[in-house]
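See structure below.
Quick note: the coordinates plus some simple rules give every number you see, no bench work behind them. Remember, predicted model here, so these are calculated numbers, not experimental data. Here the Cβ positions follow ideal geometry from the backbone for every residue, glycine too, while neighbour counts run over all protein chains shown.
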Amino acid sequence: MALFTGATIQTKLGGVFGLSSYLLMHNKIKEFAAEANGVNKDTPFFMGHGDSDPLIKHDWGVQTAEALKSELGHTNLEFKTYRYAKVLLSLDVVSLTQAQGSRSFG
C-alpha cells in the first residue's frame with residue numbers, strides 16, 4: 001500500500017518505506033501515477049525484503065523495485081535484501097531505521 005500511495009499520490013511526501021512489499025494494481029499503476037504528475041519521483045523510497053519470505057516472494061519485491069525505477073521514474077529508490085529472513089516484522093523497523101544512519105526521509 002505504501003509503494004502504491006507513494007507512486008500515485010498528488011501530495012509531496014517525505015519518504016516511502018516498504019517491507020516485504022510489492023506493487024498493488026501493477027496493471028493500472030502507470031495510469032494512476034500519471035495523475036500524480038511526478039510529484040514524488042525524487043522522494044526517497046526504501047524497500048527491504050527477506051530472501052526467504054514464503055508469503056511475499058523476494059522476486060516480487062525485486063520486480064517491483066525495478067518497475068518503480070524504470071517504468072515510473074522513481075530513481076531515488078534503495079532495495080535491500082535481508083539474507084535468510086523469512087518475514088520482516090515491525091521490530092525490524094527499529095534496526096532498519098538505525099542502519100539508515102544519516103539518510104533522511106524528510
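A few notes on this one:
- Residue exposure sequence - 56, 29 - by fewest surrounding Cβ within 10 Å: 56, 29
- Rounded if a/c under 1.5, otherwise prolate or oblate - region 11-68, Cα gyration tensor axes: oblate
- Projected label distance in nm at residue 1 and residue 26, using a 7 Å step from Cα toward the beta-carbon: 2.1 nm
- Pairs of lysines in region 2-96 whose Cα atoms sit within less than 20 Å of one another amount to 13, provided the residues are eight or more positions apart or on different chains.
- Net charge of neighbours whose Cβ lies under 14 Å from the Cβ of residue 25, counting Lys and Arg as +1 and Asp and Glu as -1: -1
- Distance between modelled label sites at residue 81 and residue 11, nm, 7 Å Cα→Cβ extension: 3.6 nm
- Annotation: amide H of residue 79 within the under-5 Å range of 47, sequence separation 5 or more or interchain, hydrogens built in the peptide plane.
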